[in-house]
Each structure stands twice: as C-alpha cells, then as structure tokens.
Amino acid sequence: MAMAAPPPRVPQVPQNVFPPSTKSHSFSLSQLSIQPVRTKTIVARHSVSAATTSALEGGQAPLSATSAKVLPFRVGHGFDLHRLEPGYPLIIGGINIPHDRGCEAHSDGDVLLHCVVDAILGALGLPDIGQIFPDNDPKWKGAPSSVFIKEAVRLMQETGYELGNLDATLILQRPKVSPHKEAIKANLSALLGADPSVVNLKAKTHENVDSLGENRSIAAHTVVLLMRR
Ligand SMILES: [Zn+2]
C-alpha cells in the first residue's frame with residue numbers, strides 16, 4: 001500500500017526581506033552622502049541645474065569638510081552607451097566625426113564627454129550625470145556636452161582637486177577613430193584644462209558582435225585620477 005504523499009512544502013518567504021520600493025528618484029543631500037573634501041564652505045558661483053543647485057546650495061547642510069575624509073587622490077570610473085541611428089551627427093569628444101549615423105540623445109549624445117563627466121563626478125563622490133543634468137529637463141535638449149564637462153571641472157576645482165590623469169576607451173565598430181584621435185584628445189584636454197600628456201584615448205571594435213559590433217551603438221569607459229591641489 002502506497003503511503004499518502006506528504007503535503008507539498010510551501011517555502012516560507014520571510015517577510016520584509018525586500019524594502020518597499022520607492023518610485024521617487026529624487027534625492028536629498030543627506031541621501032547622497034556627499035563627502036566634501038576641503039575645509040572651506042562650498043558655494044556654487046553659478047547654478048547649472050536645479051539638481052546641482054540643491055547639491056551645492058540646498059541649505060540642508062553646509063558642504064564643509066568638518067567630518068570629511070580628505071584624500072590625496074580620488075579615483076572615478078565612467079561608462080556610457082548610446083544607440084546609433086541614421087540621421088544624427090556622430091560627435092565624439094566634441095568633434096563631429098563623419099559617419100552614416102549618430103547618437104540619438106537628449107543632448108548632443110557625446111558618449112565620450114558623458115563618461116568623462118561621470119568619471120569626474122564619481123571621483124568626487126557626486127551623483128551621476130543623469131541626476132545632475134536630467135534628460136527630461138528641456139534646458140539640456142541639444143546642449144553641447146562641453147557644458148557638462150565644464151561643470152564637472154568646476155566642481156572638481158571647487159572641491160580642491162585637479163586632474164592627475166585620464167584614460168578613456170571608446171568602443172565602436174565603425175568608423176575608424178584613429179584619423180580623429182588627436183583632434184578628440186586635443187579638444188578633450190582643452191575642455192578639461194589639462195595637459196594633453198595626461199589625457200589618453202584608446203579605441204577598439206567590438207569584433208562585430210552585439211549592438212556595438214553591429215554599428216548600432218557606441219560606448220566608452222573612462223577612469224580618472226584626481227589629485228588634491
Ligand atoms: Zn550619454
């Protein structure tokens with residue numbers, strides 16, 4: 001006689017394992033855990049966006065370094081990817097590169113400058129470019145990404161740092177970057193106010209695989225080292 005099968009075990013899911021989701025992506029200064037790095041109170045000389053303003057002048061907490069850990073060096077990494085579509089210019093590092101397609105983006109879609117901005121912001125412990133310059137803000141529609149770089153450099157300088165060196169890698173199947181590399185590097189160095197010898201640019205294909213390798217997207221990685229002035 002077969003034994004009655006035991007009742008199926010129902011896994012007991014502990015309650016409150018996952019915190020309740022929050023739909024809001026807004027942030028406050030306390031949530032950002034911004035670690036100012038100098039002893040003087042930081043006051044933005046001009047505001048670029050509401051987010052920047054709230055981060056720097058929000059009045060919620062002074063950005064003084066009373067409890068900040070001052071580091072001699074700070075490292076930041078940036079990554080960006082854009083879809084490539086016919087009918088758009090391809091702008092890399094502020095240079096218009098002839099191609100059969102370009103980046104569909106809210107701003108000029110400059111994948112290199114965007115990821116350099118994120119690397120600098122990351123090194124400073126600040127929010128990412130999407131939070132500082134929200135893409136639903138009409139203010140940034142079609143904006144040249146040099147605006148974002150200049151703001152990142154300003155934040156870097158105001159927090160007492162300068163660029164040590166920067167290493168960026170572009171990933172795209174076509175077109176070849178080598179004929180434009182020096183122009184891109186020179187423009188990026190100028191935007192950063194840095195000597196070209198500390199700005200390095202590499203480029204590679206994606207071996208014809210995935211969207212990057214099929215000329216449907218472009219990506220970039222950047223690592224920066226900031227040094228305390
Ligand atoms: Zn981007």
(request) All but one of (1) within 9 Å of the ligand (Cβ to nearest atom); (2) open to solvent by less than 20 Å² (accessible area, probe 1.4 Å); (3) without any contact (Cβ under 8 Å) to a residue 40 or more places away in the chain hold for ALA143, so report the exception by its number. (result) (1)
(message) Against the definition (modelled with pLDDT of 95 or more and more than 16 Å from the ligand (Cβ to nearest atom)), how does HIS99 come out, yes or no?
(response) yes
(message) Let me spell it out: the conditions are (1) away from the ligand (no atom under 12 Å from the Cβ); (2) of a type in the set (D, E, K, R); (3) within 22 Å of ALA183 (Cβ to Cβ), and ARG154 meets all of them except one. Which number is the exception?
(response) (3)
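Residue-by-condition table, conditions (1) within 26 Å of ARG101 (Cβ to Cβ); (2) open to solvent by 60 Å² or more (accessible area, probe 1.4 Å):
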| residue | (1), (2) |
| --- | --- |
| LEU155 | no, no |
| SER189 | no, no |
| PRO196 | no, yes |
| LYS202 | yes, yes |
(request) Please determine, by comparing only the residues of segment 97-128 that are within 22 Å of ARG228 (Cα to Cα) and free of Cβ contacts under 8 Å to residues at least 40 places away in the same chain, which one is surrounded by the fewest Cβ atoms within 10 Å (Cβ to Cβ). (result) ASP128
(request) Return yes when GLY94 is farther than 18 Å from GLN173 by Cβ, more than 14 Å from the ligand (Cβ to nearest atom) and among the small types (Gly, Ala, Ser) and no when it is not. (result) no
(message) Considering only residues that are over 22 Å from the mean Cα position of the chain (by Cα) and of a type outside the set (Ser, Thr, Tyr), which ones fall in segment 191-229?
(response) GLU207, ASN208, VAL209, ASP210, GLY213, GLU214, ASN215, ARG229
(request) State yes or no: is ASP135 within 15 Å of the ligand (Cβ to nearest atom), over 22 Å from SER178 (Cα atoms) and either assigned to a strand (DSSP E or B) or open to solvent by 40 Å² or more (accessible area, probe 1.4 Å) (or both)? (result) yes
(message) Can you tell me which of (1) modelled with pLDDT under 95; (2) under 19 Å from VAL111 (Cβ atoms) is the one PRO138 doesn't meet?
(response) (2)
(request) Can you work out which of the residues in segment 204-220 that are open to solvent by 70 Å² or more (accessible area, probe 1.4 Å) and outside any helix (DSSP H, G or I) is nearest to ALA119 (Cα to Cα)? (result) LYS204
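The values are calculated or read from the model by the stated rules, or taken from the named source; none is laboratory data. Keep in mind that this is a model prediction, so the values were computed, not measured. Note that we place each Cβ from the backbone using ideal geometry, even for glycine, and neighbour counts take in every protein chain shown. Accessible surface areas use protein heavy atoms only, side chains included; no ligands, DNA or RNA. Shrake-Rupley method; radii C 1.70, N 1.55, O 1.52, S 1.80 Å.
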